[in-house]
Every structure is written in C-alpha cells, then in structure tokens.
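The structure under discussion appears below in the form of structure tokens.
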Amino acid sequence: MQVEETPLKDCFLIKPKIFEDHRGIFLETYHRKRLAELTGIDAEFVQDNQSVSSYGVLRGLHYQKGEFAQTKIVRVIFGKVLDVVVDLRPDSPTFRKTYSAILDDENLHQLYVPKGFGHGFLTLSEKSVFAYKCDDYYRPGSEGGIIYNDPDLNIDWNFPENEMILSEKDRNLPTFKEAFQ
C-alpha cells in the first residue's frame, strides 16, 4: 500500500498494491496496522456501506455532525466517480478547501476522509458501485450537508450541471454559509 498526502490536512489518497496474473488481480483493500504506520492515524471502522448509481448521479456533499462525525475510507468497486471532499473543521489550516480525485475500478485508489469533512461523488461511468467504511454508526439526526454547487466552495465537477441527477434532499441542501453560521 502506498499512501499520499492530499493538499487537505489529514486526508490521504491510498493506492493499494495490485497483484496481477493470468487469472486476474488481487489486492488488499484495508490493513489497519499498515495504514496507522503510514499515516499516524488509527481508526476503528464499525460500519460498511455501499451504493449503486447510474451515470450522472451526484451524491453529496454529506457529513455527520459533532460527536457523531465519521472518518471514512471510500472506494469504487465497479465504475468510475469523481470523489470530492471539503474540510469543514474551523481550526484546520485547510478549512473550506476542497480536493477531488478520480476513483475507479482500474486505478483502485481509495480516499481516507477524516472526521469533520464533507463528502460527495459524481458517477462518470454507466454505473458505479461505491463502498465506504465508517468509524461510527450513521445517525439520521446528526447528518448535515452542503449544496454541491456552493458558490464559495466553487467545486469544479467538470460535468454539465443540467445532466446531473440528484435526490430532492441533495438538491435542497444549504450553502456553506447557511450551514456554518
């Protein structure tokens, strides 16, 4: 496993070692001890989630608030997505900064998303299967979100907005200023 720092504090791009032969491929998708050695962060994951999305589906930007904030490791099992995170920690040197990466079933990269980050993704393939580990359980009363096209965050989704498919809930999320004032 290779771990690269992103421009956002405590957020890492994880590149697993892929073993390939005539039968196909094998990779280790998670190794707690090795990840802790490489990042200095040791999270205990308690819940795995998976979503299936069609081309153009945008999910996010979501987060869990306060004591129920979640650290996540996200990855694509099948397909291709543009994965986006935003640092929502007011005391962080990268507060309000965003980072995006292509995650797909070819590069098999993963993103370590620390507590206090907003997260979303846009499916760029016909279909995507997206999986993520969480270090705390989902609690509906603690969820929050920021609208995907927030003018202050200015995220470049590099995708025609009129082709994006969003849930009604995601389409009506507050702006960054509304959520954090």
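Counting only other residues whose beta carbon sits under 12 Å from that of S92, what net charge do I get with K and R as +1, D and E as -1? Show your work: numbers first, answer last.
On the way: positive: K9, R89, R96, K97, K115; negative: D10, D87, D91.
Local charge sum for S92: +2.
So if each residue of separation counts as 0.36 nm, and I subtract the Cα-Cα distance between D48 and E67, what length gain in nm does that give?
4.9 nm
Report the GluC sites (Glu not before Pro) located in the stretch 1-90 that are in a DSSP loop and have at most 16 other Cβ atoms inside 10 Å of their Cβ, or state none.
E28, E44
Using 7 Å Cα-to-Cβ label points, what is the K177/A131 separation (nm, one decimal)?
Here the answer is 4.2 nm between the modelled labels.
Run lengths n ≥ 4 of DSSP H only: what is the helix-derived mean residue ellipticity at 222 nm for the chain, with -39500 (n - 2.57) per run over all residues, to the nearest 500?
Working: 3 runs with 16 residues, N = 181.
Mean residue ellipticity, 222 nm, calculated: -2000 deg cm²/dmol.
Label-point separation (nm) for I102 and H22, each offset 7 Å from Cα along Cα-to-Cβ?
Modelled inter-label distance: 3.1 nm.
Kindly list the residues of the stretch 102-116 that lie in the label zone of D156, defined by a backbone N under 16 Å from the point 7 Å along the Cα-to-C-beta vector.
Zone members listed by number: 102.
My understanding is that a pair violates if its Cα-Cα distance is over 18 Å; which of K17/K97; K33/K97; K9/K133; K15/K127; K65/K177; K15/K133 do that in this structure?
K17/K97; K33/K97; K9/K133; K15/K127
For the stretch 1-65 and the stretch 103-181, what is the separation of their Cα centres, given in Å?
Cα centres, the stretch 1-65 to the stretch 103-181: 16 Å.
What is the spread of the Cα atoms of the stretch 44-179 along each of their three principal axes, largest first, in whole Å?
37, 35, 28 Å, listed from the longest principal axis down.
Whole-Hz ³J(HN,Hα) for each residue in the stretch 169-174, computed from phi via Karplus 6.51 cos²θ - 1.76 cosθ + 1.60 with θ = phi - 60°, x for glycine and proline: what do you get?
4, 5, 5, 10, 5, x
Hey, can you rank 82-95, 128-141 by average C-beta count inside 10 Å, highest first? Display every interim value, and only then the final one.
Details: 82-95: 18.3, 128-141: 16.0.
Going from most to least packed, we get 82-95, 128-141.
Lys and Arg at +1, Asp and Glu at -1: add these up for the other residues within a Cβ distance under 12 Å of M1 and post the number.
Charge balance in the 12 Å sphere: +2.
Read the figures in this text as sums done on the coordinates, not as results from a lab. These figures come from a predicted structure and were not determined experimentally. Positions of Cβ are backbone-derived with ideal geometry, glycine not excepted, and every protein chain shown enters the neighbour counts.
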